[in-house]
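Asks: Attaching a single structure in structure tokens format; questions to follow.
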Amino acid sequence: MYLGLILGIEMVALYLIEIMESSTTQFLYPFYIAGEFYIVVNLFLKELKVTKKWQIIVGLIASCFFIEASVLWFISNDASTGYGKIMSHLTIICLAAILLIKNLNELKNNNILTIIHAAFFLYYSVSLFLFMIMNQLTEYNSFIWIINNVLASLLYICFIFTFFRISKWSSKPNI
């Protein structure tokens, strides 16, 4: 679902820029922030085996992030100036850290998703740092965004690697 959301938003943005010749895709930002938060946090909560009421709470928080970014986009034409992305990333970082610590405590179980948790933790930690200093960045230090893109690619490679391992394990015959 996470990869589908990212792919969908990227396809819509590409369509708007290339076909519709739109100068901005800022209105997609609220969908990205709320959808990313909702999907990733629910994935982590599902693995932590929490009750269903947390899905409702996460949905309400994601709705608040969507509303905040939408209002900022309507008022100042810049949806990225709010606190939603920072709170979203902090929550994801904390949940990824909890799952990593839990997996380290249960090393005997060899959880196949540990690599994805580590990739999420690394990507969102660096992304949060970059987002917090975004206003100080100029076109001269665009190499920082290259680092962000490399980390995003690493995250997607970890997804592919894990999906490959899962499909490889599921195709083994039971002895």
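The values are calculated or read from the model by the stated rules, or taken from the named source; none is laboratory data. Please read these numbers as outputs of a predicted model, since none were measured by experiment. In this analysis, Cβ positions are derived from the backbone assuming ideal geometry, glycine residues included, and neighbour counts consider all displayed protein chains. In case anyone asks, the SASA skips ligands and DNA or RNA and just uses the protein heavy atoms, side chains included. Shrake-Rupley method; radii C 1.70, N 1.55, O 1.52, S 1.80 Å.
Asks: Taking the range 107-145 as the search range and keeping residues that are open to solvent by 80 Å² or more (accessible area, probe 1.4 Å) and more than 27 Å from I160 (Cβ to Cβ), which one is modelled with the highest pLDDT?
Replies: M132
Asks: Can you tell me which residue is farthest from the chain's Cα centre (by Cα) among those in the range 72-82 that are open to solvent by 70 Å² or more (accessible area, probe 1.4 Å) and free of Cβ contacts under 8 Å to residues at least 24 places away in the same chain?
Replies: So, considering only residues that are open to solvent by 70 Å² or more (accessible area, probe 1.4 Å) and free of Cβ contacts under 8 Å to residues at least 24 places away in the same chain, the one farthest from the chain's Cα centre (by Cα) is I75.
Asks: Let me spell it out: the conditions are (1) farther than 20 Å from F120 by Cα; (2) basic (K, R); (3) under 14 Å from the mean Cα position of the chain (by Cα), and K85 meets all of them except one. Which number is the exception?
Replies: (1)
Asks: Next question, about the same structure. Given the condition at pLDDT 85 or above, closer than 28 Å to F163 by Cβ and within 18 Å of the chain's Cα centre (by Cα), answer yes or no: does some residue in the range 99-106 qualify?
Replies: Yes.
Asks: While we're here: Residues in the range 15-30 that are of a type in the set (A, V, I, L, M, F, W, C) and in contact with a Ser or Thr (Cβ under 9 Å, 6 or more places away or on another chain): how many?
Replies: Residues that pass the stated criteria total 3.
Asks: Okay, moving on. Residues of the range 1-27 being open to solvent by less than 70 Å² (accessible area, probe 1.4 Å) and farther than 19 Å from W73 by Cα, which ones?
Replies: Y2, L3, G4, L5, I6, G8, listed by residue number.
Asks: P30 versus (1) within 23 Å of A118 (Cβ to Cβ); (2) free of Cβ contacts under 8 Å to residues at least 60 places away in the same chain; (3) open to solvent by less than 60 Å² (accessible area, probe 1.4 Å): which is the lone unmet condition?
Replies: (1)
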